[in-house]
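Contents: one structure, followed by commentary.
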Amino acid sequence: KAGVTQTPRYLIKTRGQQVTLSCSPISGHRSVSWYQQTPGQGLQFLFEYFSETQRNKGNFPGRFSGRQFSNSRSEMNVSTLELGDSALYLCASSLAGLAGETQYFGPGTRLLVL
Amino acid sequence: EDQVTQSPEALRLQEGESSSLNCSYTVSGLRGLFWYRQDPGKGPEFLFTLYSAGEEKEKERLKATLTKKESFLHITAPKPEDSATYLCAVYGNRDDKIIFGKGTRLHILP
């Protein structure tokens with residue numbers, strides 16, 4: 001069974017631009033969650049989507065948004081990029097959500113904001 | 001607010017030298033405690049899920065245990081390939097999101 005895939009793997013943007021990241025979950029998984037990982041803050045939860053609906057949201061500004069399509073693929077968008085948005089962005093999928101479920105992570109997209 | 005604290009931040013061991021990593025947590029209504037392994041430049045790899053105090057799970061040289069306040073990841077006779085960052089995370093009823101600890105960077109010397 002194929003794992004979680006993320007595209008692109010690397011991205012360089014400048015301040016003020018926007019970026020869209022993509023995540024394809026494991027086949028049959030309906031939940032996709034997104035995380036930001038930085039050396040200082042560690043892994044932080046952004047939001048979770050299930051059946052095209054956002055169910056949970058972390059403590060991030062509204063510049064961070066996402067959506068999920070009917071095939072469970074998900075996109076994350078960051079608008080008006082700031083230097084502090086440089087991070088590894090990870091997505092994870094699971095069968096039914098966050099509650100007690102094992103999350104299977106993708107390899108991540110490394111974003112550098114100049 | 002739910003919290004997870006991992007200790008130590010970093011640990012260097014000789015090959016074969018057993019040790020334990022600690023994950024202390026504060027969560028309202030624990031619905032799962034997770035251990036992950038992360039290699040540099042890669043996404044976290046699932047190791048264990050624990051649901052209730054007293055539960056234990058094993059996989060090769062790793063054993064995870066859970067009490068009402070903390071979890072331990074015991075590493076028996078580690079090998080250099082066990083070198084990685086080990087992450088602990090919890091999911092509780094109150095915050096409705098997964099909270100990760102900062103991780104323990106483990107380095108096994110041959």
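The values are calculated or read from the model by the stated rules, or taken from the named source; none is laboratory data. All figures in this text were calculated on a predicted structure; none of them were measured in a lab. Note: ideal-geometry Cβ built from the backbone for every residue, glycine included; neighbour counts use all protein chains shown. Remember, those area values only see protein heavy atoms, side chains included, never the ligands or the DNA or RNA. Shrake-Rupley method; radii C 1.70, N 1.55, O 1.52, S 1.80 Å.
What the table below lists for this structure:
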{"read-out": "Sole exception among (1) within 14 Å of the chain's Cα centre (by Cα); (2) surrounded by fewer than 19 Cβ atoms within 10 Å (Cβ to Cβ); (3) under 19 Å from B:TYR25 (Cβ atoms) for B:ARG105, by number", "value": "(3)"}
{"read-out": "Number of positions in the range A:3-16 that are surrounded by fewer than 15 Cβ atoms within 10 Å (Cβ to Cβ), more than 14 Å from every other protein chain (Cβ to nearest Cβ) and within 21 Å of B:GLY41 (Cα to Cα)", "value": "2"}
{"read-out": "Strands (runs of 3 or more DSSP E) wholly inside the range B:2-74 containing at least 2 residues that are in contact (Cβ under 8 Å) with a residue 40 or more places away in the chain", "value": "B:3-7, B:10-14, B:19-26, B:30-38"}
{"read-out": "Residue within the range B:63-75 that is within 25 Å of A:GLN37 (Cα to Cα), aliphatic (A, V, I, L, M) and either within 11 Å of chain A (Cβ to nearest Cβ) or within 10 Å of the chain's Cα centre (by Cα) (or both) present", "value": "yes"}
{"read-out": "Count of the range A:97-114 residues which are among the charged types (D, E, K, R) and over 12 Å from the mean Cα position of the chain (by Cα)", "value": "1"}
{"read-out": "Residue list for the range A:17-48, restricted to those being open to solvent by less than 70 Å² (accessible area, probe 1.4 Å) and in contact with a Ser or Thr (Cβ under 6 Å, 6 or more places away or on another chain)", "value": "A:LEU21, A:SER22, A:CYS23, A:SER24, A:PRO25, A:ILE26, A:HIS29, A:SER31, A:VAL32, A:GLU48"}
{"read-out": "Lone qualifier among B:PRO110, B:PRO78 - being surrounded by 14 or more Cβ atoms within 10 Å (Cβ to Cβ), more than 10 Å from chain A (Cβ to nearest Cβ) and either within 30 Å of A:ARG55 (Cα to Cα) or not aliphatic (A, V, I, L, M) (or both)", "value": "B:PRO78"}
{"read-out": "Of all residues making up the range B:88-110, the number that are in contact with a Cys (Cβ under 9 Å, 6 or more places away or on another chain), under 16 Å from B:SER20 (Cβ atoms) and not small (Gly, Ala, Ser)", "value": "2"}
{"read-out": "First in the range B:86-110 and assigned to a loop (DSSP other than H, G, I, E, B), second anywhere and of a type in the set (Phe, Trp, Tyr), Cβ under 7 Å, 6 or more apart", "value": "B:LYS97/A:PHE45; B:GLY103/B:TYR86"}
{"read-out": "Leading residue by the ranking (most open to solvent (accessible area, probe 1.4 Å)) among those in the range B:37-72 that are among the hydrophobic types (A, V, I, L, M, F, W, C) and under 29 Å from A:ARG9 (Cβ atoms)", "value": "B:PHE46"}
{"read-out": "Criterion violated by A:SER51 - all others in (1) more than 10 Å from chain B (Cβ to nearest Cβ); (2) among the polar types (S, T, N, Q); (3) surrounded by 20 or more Cβ atoms within 10 Å (Cβ to Cβ) satisfied", "value": "(3)"}
{"read-out": "A:PHE60 closer than 22 Å to B:ILE99 by Cα, surrounded by fewer than 18 Cβ atoms within 10 Å (Cβ to Cβ) and within 14 Å of the chain's Cα centre (by Cα)", "value": "yes"}
{"read-out": "Residues being open to solvent by 10 Å² or more (accessible area, probe 1.4 Å), within 8 Å of chain B (Cβ to nearest Cβ) and closer than 12 Å to A:TRP34 by Cα - total across the range A:63-106", "value": "2"}
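A quick yes/no check of all residues on (1) of a type in the set (Phe, Trp, Tyr); (2) part of a strand (DSSP E or B); (3) at negative phi:
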residue	(1), (2), (3)
A:LEU21	no, yes, yes
A:GLY28	no, no, no
A:LEU43	no, yes, yes
A:ARG55	no, yes, yes
A:ASN71	no, no, yes
A:MET76	no, yes, yes
